[in-house]
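Encoded as structure tokens, the structure appears first; notes follow it.
The values are calculated or read from the model by the stated rules, or taken from the named source; none is laboratory data. All of these numbers come straight from a predicted model, not from anything done at the bench. Ideal geometry is used to build each Cβ from the backbone, glycine not excepted, and the neighbour counts take in all protein chains shown.
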């Protein structure tokens, strides 16, 4: 839900440095959450640009950097450009989830030889929560996924908040960052034409993952917690699948949905292998 955010120069310049950081962070988060709402996005970008203009005399390094690069902000900018502008600031100042403090840890020695890989990859597009990303990295390692791709403003495994949830599994799985999802998918398809592009999404266009025939190798795409996968990415997917729900809520938490999808895909593959006599 959009917050009404507008500050006069007189009011904003009286804020402490810490509050200025919180305000700017809130702006960036709101723009991310409302990216698909064109009018809301334009209004927030305009208000953010105005606020950043108030930072001319600010000495804090991160705020000063925003002011020095304020000309990059535009109501007509695309998501890739906005991510390039906002991501460094959001990585440092966007609010983290602290549920990780209660998660159990293990002292088991980690080794890349402890698991066998399966030809399943994952693409995380514009996911903001470090908690969700850390959880999905851990899920990916447990299922033996081959490689992970972090797109848009998705935090990467070297983010300290991600590491708290990943519990060292980020050390056991290959990963790569690419801001532009479309560019990455086109590259992967060129390298491996047999790669199946599977988008995990809700909506009428999606078929039940339990009925979908997903071949291997495959890459599963999950998107933003609020807005889902971008339409441009959905348009080049080979399959759009959903997890049927029995309750009132329209969707699972993205980390939970990802875990269910990984399980179902690997389950289908294992059944086919046994049917073909490849134990």
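Just need a number here: residues in the stretch 245-264 that are in contact with a helix residue (DSSP H, G or I) (Cβ under 9 Å, 6 or more places away or on another chain) and either part of a helix (DSSP H, G or I) or under 20 Å from residue 118 (Cα atoms) (or both).
Residues that pass the stated criteria total 7.
Of all the criteria given as (1) at pLDDT below 95; (2) under 29 Å from residue 191 (Cβ atoms); (3) within 16 Å of the chain's Cα centre (by Cα), the one not satisfied by residue 259 is (1).
Of the residues making up the stretch 170-184, those that are touching a helix residue (DSSP H, G or I) at 6+ places or on another chain (Cβ under 7 Å) and crowded, with 20+ Cβ neighbours inside 10 Å number 3. Which of the residues that make up the stretch 150-198 are in a strand (DSSP E or B) and within 17 Å of residue 119 (Cβ to Cβ)? Result: 174, 175, 176, 196, 197, 198. Would the stretch 236-244 turn up any residue that is surrounded by fewer than 16 Cβ atoms within 10 Å (Cβ to Cβ) and in a helix (DSSP H, G or I)? Scanning the stretch 236-244, I find no residue that is surrounded by fewer than 16 Cβ atoms within 10 Å (Cβ to Cβ) and in a helix (DSSP H, G or I), so the answer is no.
Yes/no per residue for (1) surrounded by 22 or more Cβ atoms within 10 Å (Cβ to Cβ); (2) in a strand (DSSP E or B); (3) modelled with pLDDT of 95 or more; (4) more than 14 Å from the chain's Cα centre (by Cα):
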site	(1), (2), (3), (4)
110	no, no, no, yes
116	no, no, no, yes
137	yes, no, yes, no
148	yes, yes, yes, no
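Residues in the stretch 184-210 that are without any contact (Cβ under 8 Å) to a residue 12 or more places away in the chain and in contact with a strand residue (DSSP E or B) (Cβ under 9 Å, 6 or more places away or on another chain): 2 in all.
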